[in-house]
2 protein chains.
Amino acid sequence: MTDRSPLAESLAELGPIEGRRTLAAEIADRLRDLILLERLAPGAPIRERDLAEALGISRTPLREALRILEMDELVTYSATRRPMVADPDVTTLAQNLRVLGALEALAGEEACAQATDAELAALAAAAREMAERSDSDEPLAFFRRDMAFHSGIVEAARNPPLLRAHAQFNARLWRARFISSRRRLKRARTLEEHLDIAAALSARDAAASAAALRTHLGTAADNVAAARHDPGED
Amino acid sequence: MTDRSPLAESLAELGPIEGRRTLAAEIADRLRDLILLERLAPGAPIRERDLAEALGISRTPLREALRILEMDELVTYSATRRPMVADPDVTTLAQNLRVLGALEALAGEEACAQATDAELAALAAAAREMAERSDSDEPLAFFRRDMAFHSGIVEAARNPPLLRAHAQFNARLWRARFISSRRRLKRARTLEEHLDIAAALSARDAAASAAALRTHLGTAADNVAAARHDPGED
DNA sequence: GTCGATATTTTGGCATGCCAAAATGATCCG
DNA sequence: CGGATCATTTTGGCATGCCAAAATATCGAC
C-alpha cells in the first residue's frame, strides 16, 4: 500500500470507504432471500414496525428497502398502501417469463460475440455436469445449478444493464421456478435443452443460441403452468 | 353511486382512498421529468437538503424517491454514497439500447397476437401522420410522436411487466435519444422504418415485426453514437 | 510556494416522534 | 340477532434531530 500519514492509516483500517452499502440495500437483500425461500409467505402482510424490530433496525431503512423490493415487484402495496409479499398469479408469471426469455435470448446472442472461450467451455462443462449428476442431485442443488447456468450466460454477454434486468426478472420468478423444478417431471428435457444451448454458444452461433434459449424458457413456462395446475407431489 | 351513510359519504369526499400515492412516488416522477429535460444536469451532484427544501418537502420522502430513481438508473451514487444525476457513457447507452431493442421486439411479437385491430390501425395511422408532418414538426413534438409510437406498440402487447420494463429502459435512454433526434439527419430513415413496423404489425406477422423493431432500434443506436461523436449542430 | 496534517463544515444515514387514515372492536338501534 | 355507527387501536407517511464520515478550509513546516 502507498505511504500514508499515521492518522490516515489508522482511520483507513477502521472505516473502509470503498464499496460502502446502506442498511436499506443490505436489508433489501435479506428480505429478498426470505421471500424467495418463503420464510416470508407470498401474500403475507408486512408490518413495518414488527419487521423492523425483528431485524433490529428502525423503520426508515426498512421502508427504503421495501421501496427497492417494490420496484423488483417482490413486495406490493394494497390500495391503502399496506405492504405485503407479492403473490403473482399464473398469468403474471407467464408474462414475466416471456420477458425473461427475451432477455436471455439477447444474452445468448451477445455472449456469442463477447464471451471468452474459457467462459463458453465452462458453460458447456456445467451443462454436462448437470446432466451427469441429474439423478443424484437434491432438488435445491439441481435448481441452483440450473440458475447458475443461466446467470453464467448473461454474465458472459458482458452487458451490465442486461445483467441487472435479468437478475430482477429472475428474482421475480425464482419461487415459481423452484417449485416447478422440484417436480422432476421434465428434468430430462431441461438437461437436453441446456446441452443444446451450450452447443450453440460454443459454436458462437448467435441465432441458434437465441432460439435455443427461447424454447428453453418456453419449456420453463410450461412447467410453471403445470405445477400451478397440479400442485401436490413432491 | 351506491347508498352510504352520511358520515361515510362525507369522509369519502374529503379523503379518496383509491389510488393514493406517496409523496416519494410523486417526487420521483417530478425528478424524472427534471432529469429528462435536463433541468437537472447529467452528472450534477444532488444535495438532499437543498433539493428537499427546493421541493418543499423533508428529506425522508426525497430519499425514498432517490432510491426509486437509483433503481431506474437515473440517479447514481458515488463510492461515498453521494447522489448525483446519472450520466451514462456511450457504451452504457448502447448496452441499454440493445436491451430496449429486445424488449420492443418481444412487444412487437406479442402485439401481433394480442392487439386489437383498432390498436394496430391507430399505430399505422400514427406512423403515417408522422411521415406527413415530418418536415413541419418541431424537434420535441416529433420526438414525442416517436416515443408515443413505440410505447403504443408495447401497450398493445398487453403485458404489464414488459410495459414497466420498457418504460424503465426508455427513461434511461430518453435524453440520449432526444439529443440524437434533434439532429434531423436520419429522419427519413426513421420514418420509413416506422412504416415497415406498422405494416408488419398490421399483417400480424410476429417475426417480421420483431425483425423490423430490432433493426429500427439498431438505427437508433447508430444515431445516438453519431450524436455523441459529433455533438454540435442543432 | 507546495505539500501534508489538522480543524471546521457539510453531507448522508439512521432513529425517533407525531399525525392522519385505515383497520378493528365495542355499542346501540332495528 | 344483524347491521350500521361510533370509539379505539394500529399502521404507514412524513418531519425532525443527531451522529459519523466525507469534503473543505485552515494552518504550519519545509
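The values are calculated or read from the model by the stated rules, or taken from the named source; none is laboratory data. Not measured: the values here are computed from a predicted model. Here the Cβ positions follow ideal geometry from the backbone for every residue, glycine too, while neighbour counts run over all protein chains shown.
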### Query
Looking at segment A:38-71, which of its residues are closer than 18 Å to B:T22 by Cα and more than 8 Å from DNA strand D (Cβ to nearest atom)?
A:P61, A:L62, A:E64, A:A65, A:R67, A:I68, A:L69, A:E70, A:M71
### Summary
Within segment B:76-101, the count of residues that are free of Cβ contacts under 8 Å to residues at least 24 places away in the same chain and buried (at least 20 other Cβ atoms within 10 Å of the Cβ) comes to 1
#### Entry: Members of segment B:62-99 found to be in a helix (DSSP H, G or I), more than 15 Å from DNA strand C (Cβ to nearest atom) and within 10 Å of chain A (Cβ to nearest Cβ), listed by number
B:T91, B:T92, B:L93, B:A94, B:Q95, B:N96, B:L97, B:R98, B:V99
#### Entry: All positions within segment B:32-65 that are over 21 Å from B:L93 (Cα atoms) and of a type in the set (A, V, I, L, M, F, W, C)
B:I46, B:L51, B:A52, B:A54, B:L55, B:I57, B:L62, B:A65
### Query
For the subset of segment A:53-71 comprising residues that are surrounded by fewer than 20 Cβ atoms within 10 Å (Cβ to Cβ) and β-branched (V, I, T), which member is farthest from B:L163 (Cα to Cα)?
A:I57
### Query
Going through segment B:109-127 one residue at a time, which ones are more than 11 Å from every other protein chain (Cβ to nearest Cβ), part of a helix (DSSP H, G or I) and either at pLDDT below 95 or surrounded by 22 or more Cβ atoms within 10 Å (Cβ to Cβ) (or both)?
B:A111, B:C112, B:L123, B:A127
### Task
Quick one: in segment B:150-173, of everything that is touching a Lys or Arg at 6+ places or on another chain (Cβ under 9 Å) and not small (G, A, S), which residue is farthest from the other protein chains (Cβ to nearest Cβ)?
B:N170
